[in-house]
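A quick write-up on the structure given underneath.
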Amino acid sequence: MPENKKQHYIPQFYLKNFSDDGNHINVYHLESGTDFLSPIKSTCQSKYFYGKDTEFEKALSDIERYQADVIKKIVENQSVTCLSKDEIFTLLTFFTLQITRTKEAKIIADNFTNLISEKIFKPMMNARAVSDGKPPRYFDSIRIENPEYYKFIMGSSLTGTWGITDLKPILIVNNTGTPFISSDSPVVKNNYFRIKNDNLTGMQSPGLQMFCPLSDKLLLLLIHEDAYVILGESNSIINLTNESDIDNINRLHLLNALDIILFINSKDVKYIQRLQLETVKIKTKKQYVIDSIKKTSNPDGGKEILHIHSEGINYGIHISVIKMNHDYNRKFKRQCELTLKDSPVVQPYRSKVLIDKMHSEFERFTKKSKSTVNGSSL
């Protein structure tokens, strides 16, 4: 069997934190409502998920080794303050990489490629075809694909790590009888702040929260500290004793999961099924949407400016120990109002310095990869 044929989109070291024996994990299938014990080596993986060039998978494995050591250190010490500056940055890379390293992220990337093809490239190609004497809609039946695009997205996601270096890492300890669960999308975003019901889940969005359970009893939160008042915080640790808070965090994973929920104890299936029934009505399909938001004219004719955004990511889950900072909220709303006067699209950010750093790192990555992630370009 070729090496690295089975390619995991959730690292095995992470899955083992939700395993009793280190080899198997309980899986709940959302569509069928069935649960089963699955070998970790066969869970959250797909044949040639990143392609048949297995060098990309090997590059990921190299990154995983550093990430696994950092997460192990957090779990063993029950603390994030034990991490060095370099280890914290490694931890942040786990968050940014894992957001794009999922089965759903790959589906969204493929859909995005198809959307751009249908809305932009095909109309341009059809217009050129007509001018060359060919029939209208000449290229409509052709499917335009870019197999390397997803790997490029994954590789470039690491440049987004700079955008969350200002977020504060907090370890949440679960002191209830209800466990944390995970899913095939283990890193989830949340935000109390919104603009006209638009999602604010970009890496530099004000008010951003990022949750990732590390086990059934531990969860890591990255949070924009200025935007919130955090109750009971001590040395970057929050002890949760309210089961409704655990429920809300778990709902985030049910809402963001694609196919499966991951958990330790088989007796928790009924609990998961109850939460699923509660969340099914508010779950929406994540997708990219292209909106025409403004038209301007120039000597060559009309020019359409397209706004591309994703829907259904932020569900506005609230945790009792995390309160909105109302002073910050007033400043935030005022900033948005002023921005809307000059632009139909508001894209607020926390730090111009970090935005510039992200852009420069992305440009450097793009030049290095020449618009294609291959081999060990990560």
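Checking the conditions here, which among S297, S376, S369, S360 is small (G, A, S), farther than 22 Å from I223 by Cβ and at pLDDT 70 or above? Residue meeting the stated conditions: S360. V130: over 16 Å from the mean Cα position of the chain (by Cα) and at pLDDT 95 or above, yes or no? The answer is no for V130. The single condition among (1) buried (at least 18 other Cβ atoms within 10 Å of the Cβ); (2) over 21 Å from the mean Cα position of the chain (by Cα) that D86 does not satisfy is (1).
Which of the residues belonging to region 1-42 are under 24 Å from D53 (Cβ atoms) and basic (K, R)? K5, K6, K41, listed by residue number.
In region 45-62, the residues that are exposed (fewer than 15 other Cβ atoms within 10 Å of the Cβ) reach residues that are polar (S, T, N, Q) and modelled with pLDDT of 85 or more with C-beta atoms within less than 7 angstrom, at least six apart or across chains, in these pairs: S46/Q7; Y48/Q7. Counting only strands (runs of 3 or more DSSP E) that sit completely within region 153-260, those holding 3 or more residues that are in contact with a Ser or Thr (Cβ under 9 Å, 6 or more places away or on another chain) correspond to 168-174, 188-191, 208-213. So which of L91, L158, L115 is under 21 Å from T201 (Cβ atoms) and modelled with pLDDT under 70? Only one candidate qualifies: L115.
Within region 13-44, being surrounded by fewer than 19 Cβ atoms within 10 Å (Cβ to Cβ), more than 20 Å from L275 (Cβ to Cβ) and under 22 Å from the mean Cα position of the chain (by Cα) holds for F13, K16. Among the residues of region 55-90, write down those that are of a type in the set (S, T, Y) and part of a helix (DSSP H, G or I). Scanning region 55-90 gives S61, Y66, T90.
The values are calculated or read from the model by the stated rules, or taken from the named source; none is laboratory data. As the structure is a prediction and not an experimental result, all values here were calculated from the model. Neighbour counts run over all protein chains shown; Cβ positions are idealised from the backbone, glycine included.
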